[in-house]
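The structure appears below as structure tokens.
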Amino acid sequence: MKRLPKSKHYQVIFNNLRYELHPLKNEKHGVKKNKNVVHWLSPIQSRLCVLQLVSLYPAVEQSLTYNLTDSLQFDTLASDMLADVTGMKQSINTKWCRDLIAQITIYIAPLHLNKTSTLPIMAQQFHHASQTHNNHYSSSTIVTDPDSNKKINNVLVACRFIWSALGEGSSSTTIRSNEVSHRNFSRDDLDNAATKAYSSASARATNQQASAVMHLMNNFQHAFVLFGCGTGKSSIYILQQLACCMYGVNHPKSIVISPHNALLAMHHMQATKYFLGTSLRVEKLLPSNVAADEISSNFDLLFISIHAFRDLMDKHPNRLQQWNIKNIFVD
């Protein structure tokens, strides 16, 4: 915070402010080995920052009554603000503040992580040198294209996950990485998706779940999946959507037909929880929505009651064709 660049060096790109900082870690004897690190502010933060830079600060500088805060007080003010935002009873030192924010990003990072590691892209945002990351962090997870020869390292996408988890409005700009049309998921890919969905380092996809997802991705045929009650049928479409999101594959637009509204509501709530921190969009559709023509097309996964599906086919027969649905799950 004490070394923020002057406002003339900021850029506004897609309603987000962009600036660069040079990390000082792991530099000895004046030898600079680190490159500038790109930082982005969310759309809401960007608007507030622009108002401060072009309106508030100039007014304060010309005022005889008020003064801008001295940079020596930045650490204390930042600690007090973090304590207020997170509901802590008292402020903590800035190193602990930084560690706390790092733990938040570890939890909501867009890729599979174990509990004691972080992505290189996240570490870079905390100004860790590559040597520091390699020596002290156990994860080496990266994203590659289907040919495994290109690293997808998009800091703006990482920021999008963080902003969403910390309350950035759904009306803000959605940034997605370059997506490919297909990828043959491995068992490890699906296990990583299960770890993300269930927020547990030990979570794994079952053999039947993995077989079902692989069938979905590699075949365009009907299939019956026989599971006992409460043994993970819903994980099939959850893991498919998450795996596609995590590994940069085009999301197959899918609908789930539920036999009754209570089950639909529960599955919709669970999917929303499992997709927390991603750009995946979940919607639900009841007969009352169809009757009122309140039908959203902005979804990756739609839960619809069997009666609403019948009404949709009777009153809006062309809607499904317009949606270009890839998968229909009948529960």
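Rule-based calculations on the coordinates, nothing more; no lab input. Predicted, not measured: the structure shown is a model, and the values here were computed from it. Because the Cβ atoms are built from the backbone with ideal geometry, glycine has one as well, and the counts that use them run over all protein chains shown.
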(request) With +1 on each Lys and Arg Cβ and -1 on each Asp and Glu Cβ, and nothing else charged, work out how big the dipole of segment 187-330 is about its Cα centre, in Debye to the nearest 20. (result) 120
(message) Can you give the Rg/Rh ratio of segment 187-330, where Rg is from the C-alpha atoms and Rh is the Kirkwood radius?
(response) 0.96
(message) If the reach is capped at under 23 angstrom between alpha carbons, list the lysines near residue 315, excluding any in the same chain fewer than eight residues apart.
(response) 253, 284, 326
(request) Express in whole angstrom the spacing between the alpha-carbon centres of segment 236-295 and segment 10-77. (result) 39
(message) Using a 7 Å offset from the Cα along the Cα-to-Cβ direction at both residue 94 and residue 314, what is the distance between the two label points in nm, to one decimal?
(response) 6.6
(message) Full-extension gain between residue 60 and residue 260, please, as 0.36 nm times their residue separation minus the C-alpha to C-alpha distance.
(response) 66.0 nm
(message) What's the ranking of 222-229, 57-64, 34-41, 71-78 by average number of surrounding C-beta atoms within 10 Å, highest first?
(response) 34-41, 71-78, 57-64, 222-229
(request) Taking amide H positions as placed in the peptide plane 1.01 Å from N, state which residues far from residue 91 in sequence (5 or more) or on other chains have amide H under 5 Å from it. (result) none
(message) Whole-Hz ³J(HN,Hα) for each residue in segment 15-26, computed from phi via Karplus 6.51 cos²θ - 1.76 cosθ + 1.60 with θ = phi - 60°, x for glycine and proline: what do you get?
(response) 6, 10, 7, 10, 8, 10, 10, 9, x, 9, 5, 6
(request) Mind giving me the nanometre distance, one decimal, between the label points for residue 227 and residue 187, set 7 Å out from Cα along Cα→Cβ? (result) 1.9
(request) Anything over 23 Å Cα to Cα? Flag those among 6/95; 2/28; 35/196; 95/273, in the order listed. (result) 6/95; 35/196; 95/273
